[in-house]
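Trainee: If you scroll down you'll find the structure; I have some questions about it.
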């Protein structure tokens, strides 16, 4: 059945640039370093009842049991990740230590289709930015597929000697570590290659059963690395991506010489999660679906424009970060209100990054023509932009929606967090405005507010591995830039310190906090640094106390 305004799957064309991958030739160059067979089992009451451990230094692969005590004490998701990480690291462990781990974990609701937002998984590691544990959540297919392949979590320790791929094959019941000598690094190409390579058949249904985690050249050469999680869009016929962005987890990924982490499943359906009470779950889910359907258009409009609806709200309440948080609104802000992006988004087919999510907030710009850099002239699908990306651009004083999409695309494919990148660049721009930084000190870049060309050139240089002193320091974020400026004796130290909006080494996300004491406290006091997903928990704690 085709609903009004919806295009049949076989008729929709993205207009994207087509790539011809000889995936058989690429695959033939792989060398298997380790292989492990496991007995496939079913998920019961939301738990696969085991986790997967991989050590890239020793090529060790093993299973760990999930006990009833572990479920009771830690539940799943973030709890499982913190427990596994606690058991594996030492007080001296740093982000680039061999014993540091990168974990992807799931909770008991992960993979249900009756309840909106259940495609999420949690990612944890010691952060390059803070040298403390950071976690962030991400949508897409990987979390549910990991669970349906037989594991509640995967922990990756050690470092490979050269680029490798870990394959979790839920069809065959195998885990494989293999070299990847000739694959792409940047995500929009690599996810396409590997989806094609590991799909069991050359069909869209088979491609949809593969999910790829990757980073990019920007993650390799900065502290801003994000993890990109792919989900194959059967209508657009492209792998789309969601990000676990904060804390530099993609930098850890590349430091371990991880090219990609791939999971594939044999099959799944609406009850593959086997909840304890499917009827009760469906009833609660139906209530939430109905509320979203009836109220979203009047309250958030996320089904139409995603999280971008927040731009006009933040601007109206003087909370939209502008020119390094100096202003909370701006005369040009209406140029990047959500209706401007609605004009760019594909509207004729439904969205969503996991099955059954009524919110469907994962919007896309299809057939976007890249304007700069190594992919100039290519037509690509760009996921988003989300509010945080748009806010990062208002912070740099970008008011052109197309430049924001360009920034979004390159941050994603290079594997860098739009939040840390935008907040850091806004700080460098303020230092440039005061004359504390200048063109010579910035390796030839004119980093004045609104100079999108300079920001994109900065990203391209990071991806190329530019060894210029400014690029090398700036790609590590605000705190390292403060230290560099102080070391050189430039400018008033109080201005340099106060203008750099970071805490514990992690850059603030894109909200001016003056209207909320809970947000100010959350940014300053949360253990992992100023990340917006911690604020609700901090607010709840402050109410209880």
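Trainee: Among the residues of the stretch 456-475, which ones are under 14 Å from residue 442 (Cα atoms) and in a loop (DSSP other than H, G, I, E, B)?
Mentor: Within the stretch 456-475, 466, 467, 468, 475 qualify.
Trainee: Sticking with this structure for a sec: Does the stretch 69-88 contain at least one residue that is assigned to a strand (DSSP E or B) and over 20 Å from residue 147 (Cα atoms)? Spell out how you get there, then give the answer.
Mentor: From the stretch 69-88, those assigned to a strand (DSSP E or B) are none; that's our starting set.
For the stretch 69-88, residues assigned to a strand (DSSP E or B) and over 20 Å from residue 147 (Cα atoms): absent.
Trainee: Collect the residues in the stretch 535-545 that are surrounded by fewer than 21 Cβ atoms within 10 Å (Cβ to Cβ) and either modelled with pLDDT of 80 or more or assigned to a helix (DSSP H, G or I) (or both), keeping them in residue-number order.
Mentor: Pass one, the stretch 535-545, residues surrounded by fewer than 21 Cβ atoms within 10 Å (Cβ to Cβ): 536-545.
Those that are surrounded by fewer than 21 Cβ atoms within 10 Å (Cβ to Cβ) and either modelled with pLDDT of 80 or more or assigned to a helix (DSSP H, G or I) (or both): 536, 537, 538, 539, 540, 541, 542, 543, 544.
Trainee: Filter the stretch 476-495 down to residues that are in a helix (DSSP H, G or I) and closer than 27 Å to residue 404 by Cα and give me whichever is nearest to the chain's Cα centre (by Cα).
Mentor: Applying the first criterion (in a helix (DSSP H, G or I)) to the stretch 476-495 yields 478-488, 493-495.
Now drop any that are not closer than 27 Å to residue 404 by Cα, which leaves 478-482.
Values: 478: 20, 479: 22, 480: 23, 481: 24, 482: 26 Å.
The extreme case among them is 478.
Trainee: Now for a separate question. From the residues in the stretch 40-68 that are part of a loop (DSSP other than H, G, I, E, B) and over 26 Å from residue 178 (Cβ atoms), which one is modelled with the lowest pLDDT? Reasoning before the result, please.
Mentor: Taking the stretch 40-68 first, the residues part of a loop (DSSP other than H, G, I, E, B) are 40-43, 45-46, 48-49, 56-59, 66-67.
Next, from what is left, pick out any that are over 26 Å from residue 178 (Cβ atoms): 42-43, 45-46, 49, 66-67.
Values: 42: 88, 43: 92, 45: 92, 46: 91, 49: 95, 66: 95, 67: 93.
So the residue we want is 42.
Trainee: Has the stretch 429-439 got any residue that is touching a helix residue (DSSP H, G or I) at 6+ places or on another chain (Cβ under 6 Å), crowded, with 21+ Cβ neighbours inside 10 Å and farther than 30 Å from residue 302 by Cα?
Mentor: Yes, that holds for at least one residue.
Trainee: Next question. Which numbered condition trips up residue 529, out of (1) out of contact with any strand residue (DSSP E or B) (no Cβ under 6 Å at 6 or more places or on another chain); (2) farther than 30 Å from residue 375 by Cα; (3) in contact (Cβ under 8 Å) with a residue 60 or more places away in the chain; (4) outside any helix (DSSP H, G or I)?
Mentor: Unmet condition: (1).
Trainee: Please enumerate the residues belonging to the stretch 423-437 that are in a loop (DSSP other than H, G, I, E, B) and under 25 Å from residue 129 (Cα atoms).
Mentor: Start the filter on the stretch 423-437 by keeping residues that are in a loop (DSSP other than H, G, I, E, B), which leaves 434-437.
Selection gives 436, 437.
Trainee: Pick from 345, 330: which is touching a helix residue (DSSP H, G or I) at 6+ places or on another chain (Cβ under 9 Å) and over 30 Å from residue 118 (Cβ atoms)? Spell out how you get there, then give the answer.
Mentor: Details: 345 fails: over 30 Å from residue 118 (Cβ atoms).
So the residue among 345, 330 that is touching a helix residue (DSSP H, G or I) at 6+ places or on another chain (Cβ under 9 Å) and over 30 Å from residue 118 (Cβ atoms) is 330.
Trainee: Just to check your reading of the model, which residue among 353, 442 is in a loop (DSSP other than H, G, I, E, B) and over 21 Å from the mean Cα position of the chain (by Cα)? Give the derivation first.
Mentor: On the way: 353 fails: over 21 Å from the mean Cα position of the chain (by Cα).
So the residue among 353, 442 that is in a loop (DSSP other than H, G, I, E, B) and over 21 Å from the mean Cα position of the chain (by Cα) is 442.
Trainee: Just to be sure before I move on: is residue 207 in contact with a strand residue (DSSP E or B) (Cβ under 6 Å, 6 or more places away or on another chain), without any contact (Cβ under 8 Å) to a residue 60 or more places away in the chain and outside the structural domain of residue 367 (by TED's automatic domain parsing) in the structure I sent? Step through it out loud before you land on a result.
Mentor: Numbers: in contact with a strand residue (DSSP E or B) (Cβ under 6 Å, 6 or more places away or on another chain): yes; without any contact (Cβ under 8 Å) to a residue 60 or more places away in the chain: yes; outside the structural domain of residue 367 (by TED's automatic domain parsing): yes.
Yes; evaluated as a whole, the condition is true for this residue.
Trainee: Could you give every pair whose Cβ atoms fall below 8 Å, whose first residue belongs to the stretch 489-502 and is in the same structural domain as residue 430 (by TED's automatic domain parsing), and whose second residue is surrounded by fewer than 16 Cβ atoms within 10 Å (Cβ to Cβ) and part of a helix (DSSP H, G or I), counting only separations of at least 6 or pairs across chains?
Mentor: Close Cβ pairs satisfying both conditions: 493/486; 496/486.
Trainee: Still on this structure: Kindly indicate whether any position in the stretch 367-380 is touching a residue at least 12 places away in the same chain (Cβ under 8 Å), part of a helix (DSSP H, G or I) and crowded, with 16+ Cβ neighbours inside 10 Å.
Mentor: No: zero hits.
Trainee: Quick check, is residue 362 out of contact with any helix residue (DSSP H, G or I) (no Cβ under 6 Å at 6 or more places or on another chain), part of a loop (DSSP other than H, G, I, E, B) and either buried (at least 19 other Cβ atoms within 10 Å of the Cβ) or assigned by TED's automatic domain parsing to the domain that holds residue 48 (or both)? Steps first, answer last, please.
Mentor: Values: out of contact with any helix residue (DSSP H, G or I) (no Cβ under 6 Å at 6 or more places or on another chain): yes; part of a loop (DSSP other than H, G, I, E, B): yes; either buried (at least 19 other Cβ atoms within 10 Å of the Cβ) or assigned by TED's automatic domain parsing to the domain that holds residue 48 (or both): yes.
So residue 362 passes the test.
Trainee: I would also like to ask the following. Which residues, taken from the stretch 108-119, are crowded, with 24+ Cβ neighbours inside 10 Å and in contact with a strand residue (DSSP E or B) (Cβ under 9 Å, 6 or more places away or on another chain)?
Mentor: Correct list: 110, 119.
Trainee: While we're looking at this one, here's another question. Is it the case that residue 513 is at pLDDT 80 or above and out of contact with any strand residue (DSSP E or B) (no Cβ under 8 Å at 6 or more places or on another chain)?
Mentor: Values: at pLDDT 80 or above: yes; out of contact with any strand residue (DSSP E or B) (no Cβ under 8 Å at 6 or more places or on another chain): yes.
Spelling it out, residue 513 is indeed at pLDDT 80 or above and out of contact with any strand residue (DSSP E or B) (no Cβ under 8 Å at 6 or more places or on another chain).
Trainee: Do you know which residues across the stretch 206-239 are within 26 Å of residue 171 (Cβ to Cβ) and within 12 Å of the chain's Cα centre (by Cα)? I'd like the intermediate steps shown before the answer.
Mentor: If we filter the stretch 206-239 for residues that are within 26 Å of residue 171 (Cβ to Cβ), which is where we start, we get 206-215, 227-239.
213, 214, 215, 227, 228, 229, 230, listed by residue number.
The values are calculated or read from the model by the stated rules, or taken from the named source; none is laboratory data. Note that the coordinates shown come from a computational prediction; the quantities given were computed from them, not determined experimentally. Note: ideal-geometry Cβ built from the backbone for every residue, glycine included; neighbour counts use all protein chains shown.
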